[in-house]
Amino acid sequence: MADAYKAKVYVDYIPLETEFTFNEGEKIVIIGENGAGKTSLVESLYGTRGAANLFKLMEDREKAIKNFTSNFAFLPQNPEYNPNLSVKEIFKLFKSKLPKSLLEKTGITSYSKLTHLSGGQIKLVLLTVILNSPKPWVILDEPLSNLDSSRRFEALKIIASNQKTIFLVSHFQEAIEIADRIILIKNKEVHTLDIANSSTKRIREFFKRFKVEFASRNLILPQIRQNNFVISLAIESWLDFKFLEKLVPLFSKIKVFSNTFTEDQLKKLVKFSERVVIAPPEENDIVITSKQLKSTKNSPANKLKSSKQIILVDEKTSLLELIQKIEYLFKSV
């Protein structure tokens, strides 16, 4: 059984005082509006602002942990680094292990100088350095910022696969999909949700109560798996590709098909994600498209059980609206 802890944190300048529990190995995602105090909260845990105490929860008592800040590795939002260092040198500097998977996925070498890498590559390198350091707990402050959707997806995979306890500050909705626990800061108050042990209803009520505009896979993917639903995207216009980019981080699998574009064109345009496959929809799929699908004998959409499974979108359709439409289909189809 994983060790359990309780943190008591005080941020002086807000002021903000709170306590929360977490378990060893959890991914704790901290969300809130700009200026709410997300960074200040993790800086207090790290010992550079405010004050914090950490206790290990025993069966009948709490044991205070001394010098716990030394257990944290911290990646700030705008980290400072020597651009003349090579990838191998920066890993050695932090006593971190350099995984071969990083080199394979990014196309860089261990001897590549940071100054020769793109901003996205540097972000992934520094993220991997921190996650592979000897420290057992990690704080990541906005590690997804300034990354495109494919890089964010790659960063989240790296974070989710790590076994350490991770505090992740982010304003991207994709971050919630890897959360075991959510800490929401709103109006100088802290609200927590044990998302790993909460029902879909409880999660939805939490977001609704605090008016959090996050569309999370945690709200709908359990239902998709239970009902064998798969999201299919009919690529009938270039607008559909914009929705594909939005949907990729939220779903474990998306199928695309088209009567307008050739398969070669689709392959070139969807190669940015391993979650996307080219295949016609099955009868239980939900189909999203920006154009009315033609009802022809060979139309892939003819395999659907009902035309109600088709969601029409346009340029004004927000991601949150799209998620709500998908949830509505679960109740009606």
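Where helices (runs of 4 or more DSSP H) fall wholly inside region 205-284, the ranges with 1 or more residues that are at pLDDT 75 or above are 238-247, 263-270. Residue pairs whose Cβ atoms lie under 8 Å apart, separated by 6 or more positions or on different chains, with the first residue in region 311-326 and under 14 Å from SER232 (Cα atoms) and the second modelled with pLDDT of 75 or more and among the hydroxyl-bearing types (Ser, Thr, Tyr), are ILE311/THR289; LEU312/THR289; LEU312/SER290; VAL313/THR289; VAL313/SER290. Six or more apart or on different chains, Cβ under 6 Å: which pairs go from a residue in region 77-103 that's in the same structural domain as ASN132 (by TED's automatic domain parsing) to one that's aliphatic (A, V, I, L, M) and at pLDDT below 90? Could you list them? Taking only residues 6 or more apart or on different chains, the pairs are PHE91/LEU98. Taking the numbered list (1) assigned to a helix (DSSP H, G or I); (2) within 24 Å of ASN84 (Cβ to Cβ) in turn, LEU147 passes all entries but (1). Within region 99-121, is even one residue in a loop (DSSP other than H, G, I, E, B), buried (at least 22 other Cβ atoms within 10 Å of the Cβ) and on the phi < 0 side of the Ramachandran plot? No, the conditions are met nowhere in region 99-121.
Matching residues to (1) free of Cβ contacts under 8 Å to residues at least 24 places away in the same chain; (2) loosely packed, with under 14 Cβ neighbours inside 10 Å; (3) among the hydroxyl-bearing types (Ser, Thr, Tyr):
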site: LEU131; (1), (2), (3): no, no, no
site: LEU147; (1), (2), (3): no, no, no
site: SER150; (1), (2), (3): no, no, yes
site: THR165; (1), (2), (3): no, no, yes
site: VAL169; (1), (2), (3): no, no, no
site: PHE172; (1), (2), (3): no, no, no
site: ALA196; (1), (2), (3): no, yes, no
site: GLU205; (1), (2), (3): yes, yes, no
site: LYS208; (1), (2), (3): yes, yes, no
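Just give me the residues in region 5-17 being in a strand (DSSP E or B), of a type in the set (A, V, I, L, M, F, W, C) and modelled with pLDDT under 90, in sequence order. Residues satisfying the conditions are VAL11, LEU16. Of all residues in region 104-130, exactly one satisfies the criterion of being closer than 14 Å to LEU144 by Cα and either outside the structural domain of LEU144 (by TED's automatic domain parsing) or hydroxyl-bearing (Ser, Thr, Tyr) (or both), namely THR128. Filtered by the rule that a residue be within 11 Å of VAL29 (Cβ to Cβ) and either part of a helix (DSSP H, G or I) or β-branched (Val, Ile, Thr) (or both), region 161-181 gives ILE166, VAL169, GLN173, GLU174, ALA175, ILE176, GLU177, ILE178.
Being modelled with pLDDT of 90 or more and surrounded by fewer than 15 Cβ atoms within 10 Å (Cβ to Cβ) is a property that ALA64 has.
When restricted to residues that are touching a helix residue (DSSP H, G or I) at 6+ places or on another chain (Cβ under 8 Å) and modelled with pLDDT under 90, region 164-180 contains 9. Taking the criterion of being within 19 Å of ILE159 (Cα to Cα), touching an Asp or Glu at 6+ places or on another chain (Cβ under 6 Å) and β-branched (Val, Ile, Thr), would at least one residue in region 26-40 satisfy it? Among the residues of region 26-40, at least one is within 19 Å of ILE159 (Cα to Cα), touching an Asp or Glu at 6+ places or on another chain (Cβ under 6 Å) and β-branched (Val, Ile, Thr), which makes the answer yes.
The values are calculated or read from the model by the stated rules, or taken from the named source; none is laboratory data. Note that the structure is a prediction, hence the values are computed from the model and not measured. We place every Cβ from the backbone using ideal geometry, glycine too, and count neighbours over all the protein chains shown.
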